[in-house]
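Peer 1: Quick one: the structure is below, questions incoming.
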Amino acid sequence: MAEAYIVATARTAGGRRGGKLAGWHPADLAAQVIDALMARSGIDPAAVEDVILGCVSQVGEQATNIARNAVLASGLPESVPGTSIDRQCGSSQQALHFAAQAVMSGAMDAVIAAGVESMTRVPMFTPNALPAKAGLGTYMSPAMQRRYPGVEFSQFTGAEMIAKNYGLEKDALDRYAFESHRRAIAASRAGLFNDEIVPIEIRLADGTASGELHTVDEGIRFEATLEGIAGVKLIAEGGRCTAATASQICDGASGVLVVNERGLKALGVKPLARIHHMSVMGHDPVIMLEAPLPATQRALKKAGMSIDDIDLYEVNEAFAPVPLAWLQALGADPAKLNVNGGAIALGHPLGASGTKLMTTLISALGQRGKRYGLQTMCEGGGMANVTIVERL
């Protein structure tokens, strides 16, 4: 079977809710990343055979196959198709897996895997809230309710369950959140994100376009202190998590260009990384966010690797208990985890986070002269994707 290579990566700088990207229609935001991938790779846009794009809230401006709409908003020709993927927070990581599988099979030679989420313009939970308001029912079917009687699936509840089960007290979560900001601040000031980020015009929610470019992740709190983080009120009374120890609501888009050996030769591009392993796993949907732990253990076993073989890890910081429990379960080195900060500081634009993390992971491997990187994240419904890449 052919190999799958990543030959270009790109992401927007994250925008806060109502912030510097709030004026961008999400299809246009995704199109900016698609066009950047074309510019960075230098390939003929007509050579792209598909665009697979992750997006969680596929309603309103993100409805009606936003992948195809992003293609039509971009510089790609009309001949390029697009399809939209929802594996919750892992949507664009799954898009990467599908793209890799397509080129490894030989069915295609060049595919864009990407993701987008405007959490300002299409707020979280909108796909459930609007139908409920209109009396159109809920995703919880009678069969699901019989299997999970009285259960209301909640990531907030799952985060608290993980914190309790792994003995993670509030002060440990606060310290982790502060470290996420500290690392993101250091990386941003050192210019480590510069090659990742696609500079795009600032467009505010009221339609104001200043003409200035958005190039710095808006979620980073450069003035963050441990005391300030520790002072944020609890999400639930008697709990351990706060808004400061959870990922930030974020607007953003990201993507990677994936090709096989035939694509490398035909397009004249050089690989940044090779897909070494990819898998996905379902787990307990009630605790929900714990899935990356067994999924990573299984992925390493299938890849014939140990955690010590991995040079850097990106574990999405949906809530601080997730990466902390992951470190504990894997016996992993904290110094290798989210080395440039994570979603607590940089934001979690849901459907865009998968290829966003991969963009950062490949960049960090190159900057540090390292070889293997592993990416995973928790996903709604109790799932987790795992991707291992080899930097070339």
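Peer 1: Checking residue 239 against (1) part of a loop (DSSP other than H, G, I, E, B); (2) buried (at least 22 other Cβ atoms within 10 Å of the Cβ): exactly one of these is not met. Which one?
Peer 2: Result: residue 239 passes all but (2).
Peer 1: With the structure loaded, tell me whether residue 375 is over 16 Å from the mean Cα position of the chain (by Cα) and either part of a strand (DSSP E or B) or not hydrophobic (A, V, I, L, M, F, W, C) (or both) or whether it fails that test. Step through it out loud before you land on a result.
Peer 2: Values: over 16 Å from the mean Cα position of the chain (by Cα): no; either part of a strand (DSSP E or B) or not hydrophobic (A, V, I, L, M, F, W, C) (or both): yes.
Taking the combined requirement at face value, the residue does not satisfy it.
Peer 1: To continue, here is another question. Would you say residue 361 is modelled with pLDDT of 95 or more and touching a helix residue (DSSP H, G or I) at 6+ places or on another chain (Cβ under 7 Å)?
Peer 2: Answer is no for this residue.
Peer 1: Next question. Please go through the range 260-299 and pick out each residue that is in a helix (DSSP H, G or I) and either buried (at least 17 other Cβ atoms within 10 Å of the Cβ) or of a type in the set (Ser, Thr, Tyr) (or both). Spell out the reasoning first.
Peer 2: Filtering the range 260-299 for residues in a helix (DSSP H, G or I) gives 261-267, 292-299.
Matches in the range 260-299: 263, 264, 267, 292, 293, 295, 296, 299.
Peer 1: Restricting to the range 135-159, count the residues that are open to solvent by 60 Å² or more (accessible area, probe 1.4 Å) and within 23 Å of residue 320 (Cα to Cα).
Peer 2: Initially, the range 135-159 is screened for residues open to solvent by 60 Å² or more (accessible area, probe 1.4 Å), giving 135-136, 138-139, 142, 144-147, 149-150, 152, 156-157.
In the following step, the residues that additionally are within 23 Å of residue 320 (Cα to Cα) were identified as 152, 156-157.
So the answer is 3.
To keep it simple, each residue is scored yes or no on (1) free of Cβ contacts under 8 Å to residues at least 40 places away in the same chain; (2) open to solvent by less than 10 Å² (accessible area, probe 1.4 Å); (3) of a type in the set (Ser, Thr, Tyr); (4) under 25 Å from residue 195 (Cβ atoms).
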position: 324; (1), (2), (3), (4): no, no, no, no
position: 327; (1), (2), (3), (4): yes, no, no, no
position: 367; (1), (2), (3), (4): no, no, no, yes
position: 375; (1), (2), (3), (4): no, yes, no, yes
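Peer 1: Take residue 344 and decide whether it is under 23 Å from residue 309 (Cα atoms), of a type in the set (Val, Ile, Thr) and outside any strand (DSSP E or B).
Peer 2: No, not satisfied.
Peer 1: Kindly check whether there is at least one residue in the range 17-39 that is outside any loop (DSSP other than H, G, I, E, B) and of a type in the set (Lys, Arg).
Peer 2: No; the residues of the range 17-39 include none that is outside any loop (DSSP other than H, G, I, E, B) and of a type in the set (Lys, Arg).
Peer 1: Please state which one of 205, 187, 209, 132 is open to solvent by less than 30 Å² (accessible area, probe 1.4 Å) and either touching a residue at least 60 places away in the same chain (Cβ under 8 Å) or in contact with a Ser or Thr (Cβ under 8 Å, 6 or more places away or on another chain) (or both).
Peer 2: 187
Peer 1: I'm trying to understand the selection: among the residues of the range 67-101, which are open to solvent by 50 Å² or more (accessible area, probe 1.4 Å) and part of a loop (DSSP other than H, G, I, E, B)?
Peer 2: Across the range 67-101, the qualifying residues are 75, 78, 79, 81, 86, 88.
Peer 1: Would you pick out the residues in the range 217-231 that are in a loop (DSSP other than H, G, I, E, B) and surrounded by fewer than 16 Cβ atoms within 10 Å (Cβ to Cβ)?
Peer 2: Scanning the range 217-231 gives 222, 223, 225, 231.
Peer 1: Is one or more of the residues making up the range 53-65 in a strand (DSSP E or B) and open to solvent by less than 10 Å² (accessible area, probe 1.4 Å)?
Peer 2: Yes, because at least one residue in the range 53-65 is in a strand (DSSP E or B) and open to solvent by less than 10 Å² (accessible area, probe 1.4 Å).
Peer 1: Looking at (1) more than 19 Å from residue 221 (Cα to Cα); (2) aromatic (Phe, Trp, Tyr); (3) open to solvent by 10 Å² or more (accessible area, probe 1.4 Å), find the lone condition where residue 319 falls short.
Peer 2: Only one criterion is unmet by residue 319, namely (1).
The values are calculated or read from the model by the stated rules, or taken from the named source; none is laboratory data. Just so you know, these numbers come straight off a predicted model, no measurement behind them. Virtual Cβ from ideal backbone geometry, glycine too; neighbours counted across all protein chains shown. Surface accessibility is based on the protein's heavy atoms, side chains included, excluding ligands, DNA and RNA. Shrake-Rupley method; radii C 1.70, N 1.55, O 1.52, S 1.80 Å.
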